[in-house]
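The values are calculated or read from the model by the stated rules, or taken from the named source; none is laboratory data. Keep in mind that what you see is a predicted model, and the values were worked out from it rather than measured. Cβ coordinates were reconstructed from backbone atoms using ideal geometry, including for glycine residues, and neighbour counts include every protein chain displayed.
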Amino acid sequence: SGGFEQRNTPGGSNGEFSISHLSLSAGLAYKFNLLSLGVSGQFLNEENAQYQSSGYAFNFGAAATFIDSRLKTGISILNIGKLDDLNNQPTELPELLRAGVSFEVLEFAHPKNPDLPFLVNIATDYVKPLNARESLGTGEQENDSYFNIGLFLTVAEVLEVSGGYKTGENTVKPFSFGVGFITELVTVNYALVPYETGFGTLHSIGLQYKF
């Protein structure tokens, strides 16, 4: 995001600066009947005005499916790694423990167009921070657990529209919205996350390729 004004003293600004984050990841997963295990590695890059840092992170997860794959459960440990110093100190990665469940609520298609199915899923996950981090805007340490709740509408197994809500007293971005384009090999995702602290709206684009 950009358009932030830089000021050293009260009065006119010194100009504008931007903030950007880049994450490139590769993963490997293996399926054992109903159980799947996976691991991924990430290259991270962060830029804030004239400052830049890079680093790495690893993610580990397990998932299982039930009721003809309509019910999915999973658990993961995320963001185990580090970043280089950004100006005077590094950005601390949000190490997380997540456990969640997803359920296929409804599947339907119009009788005159059975090749255009609609699928409705609801999902929720429990998130436990593993390291205390400073709360945005207050500077206080926070490690409170929270829940994410999401609703997903998939059209013809190609287009996915989603909306989400995040619980917690300290959250600055409780709502999120997204759209995804899904093919056999490539998935493109776009997310819009409004902030409630004056930072505007976050736009995120993701690209996933399956080997």
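Cβ-Cβ distance below 8 Å, separation of 6 or more or different chains: which pairs start in the range 15-29 with a residue that is surrounded by 12 or more Cβ atoms within 10 Å (Cβ to Cβ) and in a strand (DSSP E or B) and end on one that is of a type in the set (Gly, Ala, Ser) and modelled with pLDDT of 90 or more?
As it stands, the answer is SER25/SER40; SER25/GLY41; GLY27/GLY38; GLY27/SER40; GLY27/GLY41; ALA29/SER36; ALA29/GLY38, since those pairs meet every condition given.
Being without any contact (Cβ under 8 Å) to a residue 40 or more places away in the chain and assigned to a loop (DSSP other than H, G, I, E, B): is that true of SER69 here?
Criteria met by SER69.
LEU97 versus (1) of a type in the set (A, V, I, L, M, F, W, C); (2) modelled with pLDDT under 95; (3) surrounded by fewer than 15 Cβ atoms within 10 Å (Cβ to Cβ): which is the lone unmet condition?
(2)
In the range 202-211, what count of residues is obtained for those that are surrounded by 13 or more Cβ atoms within 10 Å (Cβ to Cβ) and modelled with pLDDT under 85?
1
All but one of (1) assigned to a strand (DSSP E or B); (2) acidic (Asp, Glu); (3) under 30 Å from LEU153 (Cβ atoms) hold for GLU47, so report the exception by its number.
Going through the list (1) assigned to a strand (DSSP E or B); (2) acidic (Asp, Glu); (3) under 30 Å from LEU153 (Cβ atoms), GLU47 breaks only (3).
Being surrounded by fewer than 16 Cβ atoms within 10 Å (Cβ to Cβ), of a type in the set (Gly, Ala, Ser) and closer than 23 Å to VAL101 by Cβ is the filter here, so list the residues in the range 150-177 that pass it.
Listed by number, the residues that qualify are GLY163, GLY168.
Just to be sure I understand the filter: pairs with C-beta atoms under 7 Å, separated by 6 or more residues or on different chains, first member in the range 43-65 and closer than 23 Å to LEU86 by Cα and of a type in the set (Asp, Glu), second member at pLDDT 95 or above and not in a strand (DSSP E or B). Which pairs pass?
none
In the range 115-132, what residues are at pLDDT below 85 and surrounded by 15 or more Cβ atoms within 10 Å (Cβ to Cβ)?
none
Could you check the range 161-201 and list, in sequence order, the residues that are farther than 27 Å from LEU119 by Cα and either modelled with pLDDT of 90 or more or of a type in the set (A, V, I, L, M, F, W, C) (or both)?
VAL172, PHE199
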